[in-house]
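The values are calculated or read from the model by the stated rules, or taken from the named source; none is laboratory data. Since this is a predicted model, take the numbers as computed values, not measurements. Here Cβ is always computed from backbone atoms with ideal geometry, including for glycine, and neighbour counts include all displayed protein chains.
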Amino acid sequence: MLQVKRIREEKKAIIRGLRKRNWTSEQIKILDEILHTDDERRRLQKQLDDLLAENKRLSAQIGQLMAQGKREEAEQLKSKVTAQKEDVRQLEERFEEVKNRLESLLYTVPNCPHRSVPAGRGAEDNKIVRDWKKPFPALPHDALAHWDLAKKYDLFDFELGVKLTGAGFPVYRGKGAKLQRALIQFFLEENIKAGYEEILPPHLVNEDTARGTGQLPDKEGQMYVCERDGLYLIPTAEVPVTNLLRDAIVSESELPICYTAYTPCFRREAGAWGAHVRGLNRVHQFDKVEIVRIEHPQRSYKALLEMVRHVQRLLNKLELPYRIVLLCGGDMGFTSAKTFDFEVWSGAQQRWLEVSSVSNFETFQSYRLQLRYRDAEGKIHLTHTLNGSALALPRIVAALLENNQTPEGIRIPKVLHKYTGFKMIS
RNA sequence: GGAGAGGUGCCGGAGUGGUCGAUCGGGCUUGACUCGAAAUCAAGUGUACCCUUGCGGGUACCGUGGGUUCGAAUCCCACCCUCUCCGCCA
């Protein structure tokens, strides 16, 4: 969430940013409402603090009078303080109410896009910053989509998933299962080599954690909930991993802090279903390896590029055709200041599939998380947080199967051989 | 799940109704001593929010949330968590 202080000081820049997210003048008025509400909040806090200070002083006096045995004077003061208690109660109530109102207003404002982010309506306005220049893999015109390849080679089974759980919960089997495990292992090893510490977090988180990274209060509909225990199934490893440092103050020299984690991801995805979300294109449970960075504000955009280059290397090693897309304001996630998407070419479906999203959240998450660092002078500042998929498995698998199909079987990229133990699926 | 003990600052550990944001020890920072270091000595060392141009000042926070009281880390209630023992169990 944005800091009120920032809205007050950089209002013009924030309006420019929100315009890129297609905010109307009507919507932008909420900024003024926030500022007014904050003025009121500060006014009430001053009043309340003063009143509490007065009562505190009187109470201390009562203590002294009692010690001196001056009972009557003490009793007099007591009745005075008692009389003020109702004022305190009322002020407290109003203060709480205004504070809550301010918070819920702030929750409705998305992150301010970085100045380099283009304006735009939706996906059609995204900027392709790196296109695939080489030819796509040559496939026969009767090439199979991955869901047909899965049947042919017995790699995963959606009907069985329906039997066990419901639609969108694939059962991987045989070489299909092993391929999953190989990819996870490959990604983790590459990330560790690049300096990320491996984390294996819980797959269920509590409300505070879900709030920390911004899944709550907004997007509870996208998560699976265990109501009885007040827990949420994680939609991404970003949630538990970024929360590791919630309420922490790290020293400047510890930055950057780099984590990587493999977890299953659970998404209810209320969105539309149809032909283009067949097979592994969109599922309720999938595997993903995530990278998370806690960065110094001055270095976060450099870090973002480093993460982009790292994901690029992974895709190169997997020999998959890909392109990098800079998301426009209208297509960017609520919490992000700047996002690059990675899309791989799916040969049989003849379309691009999103396999990674790398974002800088600046202080949008760290403010809520209270994730700060202490500089050399002892001053405390918010860190920047970033994360990216490195990588999400299902669509990688889809592209891999489709692009590498041959009459003899499906060719496994060389880098995976030592993890799969086989070079072909046949 | 049952019984007991307990949750206090970076750590250890006091505090059982008043001047306690919190004794003390360790750690850390700065200064003195030293060629330098160790040892020693001295001072400092929480966070959030608010007021203030600045100096500085105020409020809240002792697991969480309520309550009692003029006043709560301290008393009462509920919940959460940790440890020990028993039971169950991958």
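Contact map, segment A:145-164: residues that are under 11 Å from residue A:280 (Cβ atoms) paired with residues that are among the aromatic types (Phe, Trp, Tyr) and at pLDDT 90 or above, Cβ distance under 6 Å, separation 6+ or inter-chain. Pairs shown: A:150/A:156; A:156/A:172.
On the basis of being touching a Gly at 6+ places or on another chain (Cβ under 7 Å), under 24 Å from residue A:262 (Cα atoms) and assigned by TED's automatic domain parsing to the domain that holds residue A:329, does residue A:366 make the cut? No. For the residues A:101, A:43, A:8, A:16, the requirement of being surrounded by 11 or more Cβ atoms within 10 Å (Cβ to Cβ), within 12 Å of RNA strand B (Cβ to nearest atom) and closer than 30 Å to residue A:336 by Cβ singles out A:8. Of all residues in segment A:114-128, at least one satisfies being surrounded by 17 or more Cβ atoms within 10 Å (Cβ to Cβ), touching a Phe, Trp or Tyr at 6+ places or on another chain (Cβ under 8 Å) and not assigned by TED's automatic domain parsing to the domain that holds residue A:415. If only residues of segment A:19-38 that are free of Cβ contacts under 8 Å to residues at least 60 places away in the same chain and surrounded by 14 or more Cβ atoms within 10 Å (Cβ to Cβ) are counted, the one that is farthest from the chain's Cα centre (by Cα) is A:35. Checking the stated criteria, residue A:170 turns out not to satisfy the condition of being closer than 29 Å to residue A:305 by Cα and surrounded by 12 or more Cβ atoms within 10 Å (Cβ to Cβ). On the stretch given as segment A:344-383, residues that are surrounded by fewer than 18 Cβ atoms within 10 Å (Cβ to Cβ), under 18 Å from the mean Cα position of the chain (by Cα) and of a type in the set (Asp, Glu) total 1. Only a single item in (1) crowded, with 21+ Cβ neighbours inside 10 Å; (2) in a loop (DSSP other than H, G, I, E, B) is not met by residue A:242, and it is number (2). The condition of being more than 27 Å from the chain's Cα centre (by Cα) and surrounded by 15 or more Cβ atoms within 10 Å (Cβ to Cβ) holds for only one of A:144, A:164, A:106, that being A:144. Just to be sure I understand, how many residues within segment A:380-395 are outside any strand (DSSP E or B) and within 16 Å of RNA strand B (Cβ to nearest atom)? Within segment A:380-395, residues that are outside any strand (DSSP E or B) and within 16 Å of RNA strand B (Cβ to nearest atom) number 1.
Annotation: of all residues in segment A:63-98 being small (Gly, Ala, Ser) and under 30 Å from residue A:42 (Cα atoms), the one that is nearest to RNA strand B (Cβ to nearest atom) is A:79.
Go through the residues of segment A:314-333 one by one and say whether even a single one is assigned to a helix (DSSP H, G or I), surrounded by fewer than 16 Cβ atoms within 10 Å (Cβ to Cβ) and at pLDDT 95 or above. Yes, that holds for at least one residue.
Being crowded, with 19+ Cβ neighbours inside 10 Å, part of a loop (DSSP other than H, G, I, E, B) and assigned by TED's automatic domain parsing to the domain that holds residue A:377 is the requirement here; does residue A:235 meet it? Answer is yes for this residue. I'd like to know if segment A:356-379 contains one or more residues that are of a type in the set (Gly, Ala, Ser), assigned to a helix (DSSP H, G or I) and within 30 Å of residue A:218 (Cα to Cα). Yes, the conditions are met somewhere in segment A:356-379.
The residues listed here are A:159, A:198; of these, the one that is closer than 19 Å to residue A:387 by Cβ and of a type in the set (D, E, K, R) is A:198. Taking (1) of a type outside the set (Phe, Trp, Tyr); (2) in contact (Cβ under 8 Å) with a residue 24 or more places away in the chain; (3) assigned to a helix (DSSP H, G or I); (4) more than 9 Å from RNA strand B (Cβ to nearest atom) in turn, residue A:110 satisfies each apart from (3).
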